[in-house]
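Trainee: My questions will all concern the structure given below.
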Amino acid sequence: MIFRKLLLLTFFTYIPLLFAQEQKVYFEDALSQHLTKFNIKSDLAIKNQRPNEVDVLFDTLIKTHLRNTYISDLKLKKISGGILNTAQVDKPFLLITKNAAIIQTKEEIKTINDLANEYNGKVDIIILYWSKKDIAKKKARHFNKNVTVVYADERHNKFNQALSAFKHSFGAPAGFYINQYKQISDIDRKFFLKNVNTLTKELFTEKAHKGIFELLASQNDTAQYKVTKDR
């Protein structure tokens, strides 16, 4: 009788754990299921001259299917040498993917450096260039020591095929906000500062701070962080 009770107790204890494991969805899997439908609807919206509808569709895609999905362990080559393994990153991080052919403004570079300085020790800022090492190395000169620059040449991608999902999802530049549990908190498919004027710069900076704030909120560490429009 006692053994039977213990057996039942063990059974009901592990049910939630097994259920949680079954519910673990990875970013690349969710993307493969829902990206095509998003692209079709987006193309139709643009064809019908409703560009604002694309943003609505994208927000719905994030909230409904991609938010809280897990990223696979990624191994990224650092321009300083060695490998950055995302599984070993012990804090939230912002992964910014870049096309090296696109020119970055001085204001954007300064904003990224400022973010890296302000949240140093709290959130890692990682910039991934889809290019060869020598090209990424030239780009890396503009960033400070608190920004980690990595590169990936898809023609020689021997590390992880899941990495391709970050390039072929929404193109580059894009920003992926990833919490300490390796779950995607948000995605910015337009992570760049193109038109340099006061309003555009403020919106770009505010949006980046908001994304990082949400990462910190996930670990109850927001007491000293507040998103304001006067940054």
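Trainee: Would you pick out the residues in the range 49-99 that are in a strand (DSSP E or B) and open to solvent by 30 Å² or more (accessible area, probe 1.4 Å)?
Mentor: Selection gives Tyr70, Lys75, Lys77, Lys78, Ile83, Asn85.
Trainee: Then there's this: In a helix (DSSP H, G or I), of a type outside the set (Asp, Glu) and crowded, with 16+ Cβ neighbours inside 10 Å: which single residue out of Ile109, Ile46, Ile126 fits that description?
Mentor: Values: Ile46 fails: crowded, with 16+ Cβ neighbours inside 10 Å; Ile126 fails: in a helix (DSSP H, G or I).
None of the other options fit; the residue is Ile109.
Trainee: Count, please, the residues in the range 112-123 that happen to be in a helix (DSSP H, G or I) and surrounded by fewer than 21 Cβ atoms within 10 Å (Cβ to Cβ).
Mentor: Qualifying residue count for the region: 4.
Trainee: Among residues belonging to the range 138-162 that are out of contact with any Ser or Thr (no Cβ under 8 Å at 6 or more places or on another chain) and modelled with pLDDT under 85, point out the one that is nearest to Ile71 (Cα to Cα).
Mentor: Looking at the filtered set, the residue picked out is Gln161.
Trainee: Out of all the residues in the range 60-104, which are without any contact (Cβ under 8 Å) to a residue 40 or more places away in the chain and of a type in the set (Lys, Arg)?
Mentor: Lys63
Trainee: Give Ile135, Ile103 a once-over and let me know the one that is part of a loop (DSSP other than H, G, I, E, B) and at pLDDT below 95.
Mentor: Ile103
Trainee: Also: Looking at this structure, is Asp134 within 17 Å of Phe176 (Cα to Cα) and surrounded by fewer than 15 Cβ atoms within 10 Å (Cβ to Cβ)?
Mentor: no
The values are calculated or read from the model by the stated rules, or taken from the named source; none is laboratory data. Everything quoted here is computed from the prediction, not taken from an experiment. No Cβ is skipped: glycine too gets one built from the backbone with ideal geometry, and neighbour counts run over all protein chains shown. Accessible surface areas use protein heavy atoms only, side chains included; no ligands, DNA or RNA. Shrake-Rupley method; radii C 1.70, N 1.55, O 1.52, S 1.80 Å.
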